[in-house]
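Enquirer: Next up is a structure, given as structure tokens.
The values are calculated or read from the model by the stated rules, or taken from the named source; none is laboratory data. These numbers were taken from a predicted model, which means no experiment stands behind them. Glycine gets a Cβ as well: all are built from the backbone with ideal geometry, and neighbour counts include every protein chain shown.
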Amino acid sequence: MAGRWSWGWSLADGEGKRGVTPLVPHAGKMRLLDRVVAHDADSIACAAVSHRDADNPLRRDGMLPAVCGVEYALQAVAAHGALTGGGEAQKPGYLASLRGVAMHASRLDDIMDELRVEARALSRAARGFVYVFEVSAGGVVLLSGQAAIIIPEGA
């Protein structure tokens, strides 16, 4: 995905997670993204370094498996929903499906570069959406796929 998108204006946040905090329905250490690098009406790019944190809540047996990159991507999707939906945090939803997930690494915690988390909307409706995503570091794709999210009624 990198290099294929023409980015709109940039929402850089030089003060860490403060810029992402109101955008995702996560709290504390589960707020994995550090900043939104850029976004437009259809796509978002975020950065994160929490994959290196020894106290990352997704770590198991002393490591952060690459599949956890899906959660990073889903948080980018939530941030995109908030940025394109008036700036309020995206309502919590349910992951309905993952398709075409390809992992090109076994773990994330040994990656020294910051993660770049990109997502692009394929379909968006009031109660759900479908995005393709890619997690990379240093220009190398670590994980990619497609996610469908459903927002429950009354949420």
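Enquirer: Let me spell it out: the conditions are (1) surrounded by 13 or more Cβ atoms within 10 Å (Cβ to Cβ); (2) modelled with pLDDT of 95 or more, and Met112 meets all of them except one. Which number is the exception?
Expert: (1)
Enquirer: A further question follows. List pairs: first in region 98-118 and under 21 Å from Ala38 (Cβ atoms), second in a loop (DSSP other than H, G, I, E, B) and among the charged types (D, E, K, R), Cβ under 8 Å, 6+ apart or cross-chain?
Expert: Glu114/Asp34
Enquirer: Hey, any hits in region 107-118 for a residue that's under 21 Å from Leu58 (Cβ atoms), of a type in the set (Asp, Glu) and in a strand (DSSP E or B)?
Expert: Applying the first criterion (under 21 Å from Leu58 (Cβ atoms)) to region 107-118 yields 107-118.
Right, trim to of a type in the set (Asp, Glu) and you get 109-110, 113-114, 118.
Then drop every residue that is not in a strand (DSSP E or B), which leaves 118.
Among the residues of region 107-118, at least one is under 21 Å from Leu58 (Cβ atoms), of a type in the set (Asp, Glu) and in a strand (DSSP E or B), which makes the answer yes.
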